[in-house]
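First comes the structure, then the notes that go with it.
Read-outs throughout are calculated quantities, based only on the coordinates presented, and are distinct from any laboratory measurement. The shown structure was predicted, so the numbers you read here are calculated from the model rather than taken from an experiment. Please note: Cβ atoms are built from the backbone with ideal geometry, for glycine as well, and neighbour counts cover all protein chains shown.
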Amino acid sequence: MEQEQRSPKKPHVSWTWWLVLLALMIWNALILWPKQQAEVDLPYSTVIAQIRAGNVTQVKINGDVITGTLATPLTWPQASAANTAQAVSPTATPTVDQSPVNQLLGQSAQPDANATPSQYTAFRTTFPDTVGDPSLMPLLEAHNVQVDVVPPSSPWLALILSNGLPLLLLVGVMVWMGRSATQSQAGIFSFGRSKARQYGEDHPNVTFKDVAGADEAKTELQEVVDFLRYPQKYHELGARIPRGVLLVGPPGVGKTLMARAVAGEAGVPFFNISASEFVEMFVGVGASRVRDLFEKAKKASPAIVFIDEMDAVGRRRGAGLGTVNDEREQTLNQLLVEMDGFDEHHELIVLAATNRPDVLDPALLRPGRFDRQITVGLPDRKGREGILRIHTKSLNLATDVDLGLLARTSTGFSGADLANLCNEAALNAARENHARVEMRDFEEALDRVLLGAARTVLLNDHDRQVVAYHEAGHALVAWLTPEADPVHKVTIIPRGQALGVTEQMPGEDQYNYSKEYLLARLAVMLGGRASEAIALNDITTGAENDLLEATRLARRMVTRWGMGSLGLMSFPADQEHPFLGYELSQGRDYSEETAAVIDKDVQRLLDDRYQTVQKLLSDQREKLDNLVQVLLHEETIDEEVMAKTIGPRTLAVSAQQLQKAPN
């Protein structure tokens, strides 16, 4: 089951930073606010003309900037004498000083003819430091102009505001981000910190009442709850409580939910982390996170540490080819040390979950670390009904919804699958604008989960007939075979990757299969191919998955369950090894002659079932054709329609033939 994520704590921004930001905005507003110009920018040649005219009283030279005061206000901009003369007589000689400096600056700084003239008593100009003007100082002395020379200085306030303040703000932001990252245990400042999420009393508790379908596992975990509640009782007797409990089961059965229920029943802090969060690209980070996690858990004890997907970090060391991972192995070594090293009187229990216990390192599973393994299997019919009741509490159900029937039809479903089934039914009810979630919504959701959504594939008449005969062959063999699971629905509407489906519904959960039942399953699998060959005198590729599953089942019957000519010998030939190259180091424990006998037994078993099914369908050809006609017309039929079409299920028709074992 999915874990609920704690909402991250919102970072607190100090009021000091708001004041700094406000001051910066005010300063920018003052700098950018438009001001009336107090002095006029004049060309250098115009300033020289004003000095020669005796209209300049004093100047101040600061680097290459010259400012000064005029005795008589100057109207600027104004038409120059040269421009006026050119307007009157194009051949007139301009009166502007033609020195190299004045030629350079006078041509590049002409007044704007479109500007509004104003009077100024102060001016500003730029000294031509690249060209130079050695006649400036003698000219100023000749006209009795007061000269003040100021050494150039750096505008320190402007430098601070332009360079220092942004740097200060950047440092402040980095410090704030660092503190926020440390508090949330993420980011570049906390590589070695554990990413475990801690749930305390303020988090909504999950108890055993919220877990259905795992009564045996709850009974075994009750002792863990009792220790966390009353640890002193065990300490006084000198008992050593298991340090680790490994929850083993297929995906979606509720291992994580079970661990949270233990913490909720005991009322202790719950540290939740996935094993993949330990491993990083940097060697040593995972080991550091393991140490940090156990330090936090010891401080909060009594507590529970839950490590999900344990196989991500606890895989067998040195197995197979290309499995060396220094970071993962160092993390595993640190985990082994922590589990073996903490004090027996520490009220700390490590729960872990995995669906691959076969790949775990043996050092993890020895006593003193994970002392116990608790199997959380798929729920039985009663458990599935309880899970459905939990997940339908929030749904507005119609009166025709039968949770008991749903529990029967959902054999093999995990808790997560059942939760998805309820949600899909609610979505379908909303899609069809139903006032309540009806039974047909659950049936559609079941088909969608098992087979996929219905596809709008346009098949021609011949293809529809082929699919109809194929599915009718499956259905008729299952209907006339007493050991086969009852037929629940037959459809020729394409769903998922299948063009048609025959759905069977087991009456009860089975944990031990008889040889007759396995032979009946083989017969049903081969019924589609046999029906095509009998009715159409041809075969198609539609039986690909049927042949694959039938071959796999027949091989297991011969090699694992002793149902072939080899007698009681077992050969796990199709065992899947979890590590690349691991099987290369394991010698095969049977000869090539034995392998040839296995192949012959599998072939003989399949041929025998196929011939039996062909005879059955040939004898019942009329029922087969009637069932095909109904399928072509209705497209989807249930067991009630089948009973009306081909009669009720009987045990007399070819039952002895289907029970006959191969020689």
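Taking N as the number of residues in the range 367-431, what is its Cα Rg relative to 2.2 N^0.38 Å?
On the way: Rg = 15.2 Å, N = 65, 2.2 N^0.38 = 10.7 Å.
Ratio of Cα Rg to 2.2 N^0.38 Å: 1.42.
Full extension of the chain between N423 and L405 yields a length gain of 4.7 nm, computed as 0.36 nm times the residue separation minus the alpha carbon distance.
Sorted by packing (mean other beta-carbon atoms within 10 Å per residue), highest first, where do 428-437, 288-297 land?
On the way: 428-437: 13.8, 288-297: 20.4.
Going from most to least packed, we get 288-297, 428-437.
Assigning unit charges at the beta carbon (Lys, Arg +1; Asp, Glu -1) and nothing else, what dipole magnitude in debye, to the nearest 20, does the range 461-659 show about its Cα centre? Kindly include the intermediate steps, with their values, before the conclusion.
Details: 19 positive and 32 negative charges, 74 e Å.
In debye, rounded to 20, the range 461-659 gives about 360.
The calculated FRET efficiency for E39 paired with S135, based on their beta-carbon distance and R0 = 30 Å, is about 0.80. For the listed residue pairs K623/K644; K209/K382; K209/K299; K489/K623, the alpha carbons are over 19 angstrom apart in K209/K299.
Approximating the spin labels as points 7 Å out from Cα along Cα→Cβ, the Q119-to-D538 distance works out to 11.0 nm.
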